[in-house]
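The values are calculated or read from the model by the stated rules, or taken from the named source; none is laboratory data. Here the structure is a predicted model, which is why all the values come from computation and not from measurement. All Cβ positions, glycine included, derive from the backbone under ideal geometry; neighbour counts span all protein chains shown. Accessible surface is based on the protein model in full, side chains and every heavy atom, while ligands, DNA and RNA are left aside. Shrake-Rupley method; radii C 1.70, N 1.55, O 1.52, S 1.80 Å.
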Amino acid sequence: VTFYSAALMSRARELAVPFSAGSVVYPAVDLMFSPLAGPEREAIRAPLVNSGEFLLFNVKRLHPLADHATLLRAFSLLDPALKARLVIAGSGEEKERLEALAASLELGSRVRFLGLVPNQEVARLHGAADLFVLSSRLEATPTVVLEALATGTRVVSTDNPGGLELGALFPDDLRVVPRENPEALARGIAAALRENRRISERTSRVIDEQFSLRGLVDRYCAIYEDARR
């Protein structure tokens, strides 16, 4: 049996799900999620941020489990000296409530809700961002985090199970903070922005080795060969 994450496999064992052998096979990141050249990156950023501003990005369904409310509250707590704008892609039942919350926090044009965005555009936004922020209460393996890292963009994630698991795999470039805690998330975002860099060579190598389509195929072939024997 293959599992989407190590946390899921551990949970299956806790629940006594019947399987004799288990393997973790992480999802592959599509090739469209790759670093952008400087001019292309700047062209995507131009309509979204002013010169000298940071671009924060999130893409998730607007659902309570994604906890965008904590993200908005954290963003409102950032030091004004860290000039930043937040772009959120995705649709869902929380849209009106989140827009009302952003208004009550007086975030104005500093936050943009893009609605449902095609994957190609999501890849471009990942590559253009300075930081990807995941505020979810619950995740298995958050592919959006892997996609961000594959484009060269660092991540701040809450300590949902998937965030913790990927944080251990990418300690250089994935900062983990307590969930449902706007103050902690704001501190994590601020610390990452002050570092203001792209991902490390180590992270890039791990993405290529463990999360490429080639790596996924090799992993399944090894599992099939083991089963055949």
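Here are the numbers for this structure:
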item: Total residues in region 54-102, condition out of contact with any Lys or Arg (no Cβ under 6 Å at 6 or more places or on another chain), among the acidic types (Asp, Glu) and either more than 15 Å from Leu131 (Cβ to Cβ) or open to solvent by less than 10 Å² (accessible area, probe 1.4 Å) (or both); result: 4
item: Hits in region 113-127 (condition: under 17 Å from Ala43 (Cβ atoms) and not hydrophobic (A, V, I, L, M, F, W, C)); result: Gln120, Glu121, Arg124, His126, Gly127
item: Selected residue [in contact with a Leu (Cβ under 6 Å, 6 or more places away or on another chain), outside any helix (DSSP H, G or I) and under 26 Å from Ala168 (Cβ atoms)] from Val29, Val49; result: Val29
item: All positions within region 2-20 that are part of a loop (DSSP other than H, G, I, E, B) and in contact with a helix residue (DSSP H, G or I) (Cβ under 8 Å, 6 or more places away or on another chain); result: Ser5, Phe19
item: Residues that are in contact with a Phe, Trp or Tyr (Cβ under 6 Å, 6 or more places away or on another chain) and aromatic (Phe, Trp, Tyr), drawn from region 107-151; result: Phe132
item: Selection from region 103-157 of residues that are more than 19 Å from Pro182 (Cα to Cα), at pLDDT 95 or above, surrounded by fewer than 20 Cβ atoms within 10 Å (Cβ to Cβ) and of a type in the set (A, V, I, L, M); result: Leu114, Leu116, Val117
